[in-house]
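All remarks here apply to the structure that follows.
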Amino acid sequence: MRRAETTKTVDGPTAAERARTLAYGIADGVLVAPGVPYAPVPAHATDRDGRPLLLVQSASPIAAGLRNPAPDADADVPATLRISDVAPVALADRVRGRAWLHGWLSEVPDAELRAAALRVSHAHPRPELLDLGAERDGRREWTILALEVAQVEIDDAWGSATLEPEEYAAAAPDPFVAVESGILTHLDACHRDELAGLPPESVPPGPVRPLALDRYGMWLRCSAPPSDAHATFDLRLPFAEPVSDLHGLRCVYRRLFARATP
């Protein structure tokens with residue numbers, strides 16, 4: 001997929017900010033641990049420092065192994081949370097980025113379980129979180145695992161980067177991470193004509209779809225005429241200045257659409 005940028009540039013999100021955004025809990029996660037090469041996580045979120053909190057079934061191999069370790073098992077259980085960021089708009093290539101959070105797993109203690117459930121419920125209001133400590137037939141059905149992050153890798157439209165845990169923890173997720181999906185699907189359903197006028201005149205005319213949004217700008221998926229050898233490419237449209245709330249974002253869109261090329 002080709003990528004292009006408009007001539008006007010402003011600072012964009014750092015690699016640590018992008019990693020914190022992916023780890024927030026909206027993007028899908030898969031847990032990889034010794035003996036468990038692929039375990040989809042039903043729901044995950046992060047605490048204030050970016051530590052992933054993972055909702056899993058208590059009977060899952062990973063949770064059971066933590067609760068009843070083998071005699072010769074290490075005290076620390078290494079694991080990786082693999083995150084895939086998929087665009088909410090239906091496109092031919094929807095994967096926008098990936099992140100790998102490497103670290104060590106532990107089960108959240110009972111005294112901290114309610115607070116962890118509340119954190120996860122912000123992104124995923126699932127019924128399992130309402131009675132997390134409840135037991136059925138003498139067994140707890142669900143629990144939450146915590147991943148102490150030791151290293152983070154990210155690969156997305158901006159490039160690839162490897163982060164130390166301190167750099168990752170000091171960053172913050174994008175302020176629109178929880179509402180980006182709704183904003184992009186609304187733009188795609190109701191404002192395609194306005195979006196088509198946003199690319200500069202040097203970009204061949206064609207359909208334009210919203211791909212991604214952050215406080216510094218947005219990515220557009222542009223489709224040129226079929227005769228173009230590079231018929232589809234991604235274009236970065238930076239904002240004049242970063243925005244931090246929905247009011248500021250609406251103002252940006254009004255200005256952009258007002259001067260969009262007809």
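Readers should treat all values here as calculations from the given coordinates under stated rules, not as data from a laboratory. Just so it is clear, the model here is predicted, and its values are computed rather than measured. Neighbour counts are summed over all protein chains in view; Cβ atoms, including those assigned to glycine, are modelled from backbone coordinates with ideal geometry.
Remarks
- The magnitude of the dipole of segment 15-170, with charges of +1 and -1 set on the Cβ of Lys/Arg and Asp/Glu and taken from the Cα centre, is near 500 debye.
- Acute angle (nearest 10 degrees) that the helix 180-190 long axis makes with the longest principal axis of the chain, alpha-carbon atoms: 40 degrees
- Working note: 222 nm ellipticity from helices only, DSSP H runs with n ≥ 4, each -39,500 (n - 2.57), summed and divided by the residues of the chain, gives -7000 deg cm²/dmol to the nearest 500.
- Nearest 10 degrees, 0 to 90: helix 110-123 Cα axis against the chain principal axis: 20 degrees
- Nearest 10 degrees, 0 to 90: helix 246-258 Cα axis against the chain principal axis: 30 degrees
- Nearest-20 debye value, the chain charge dipole, Cβ charges on Lys, Arg, Asp, Glu: 940 debye
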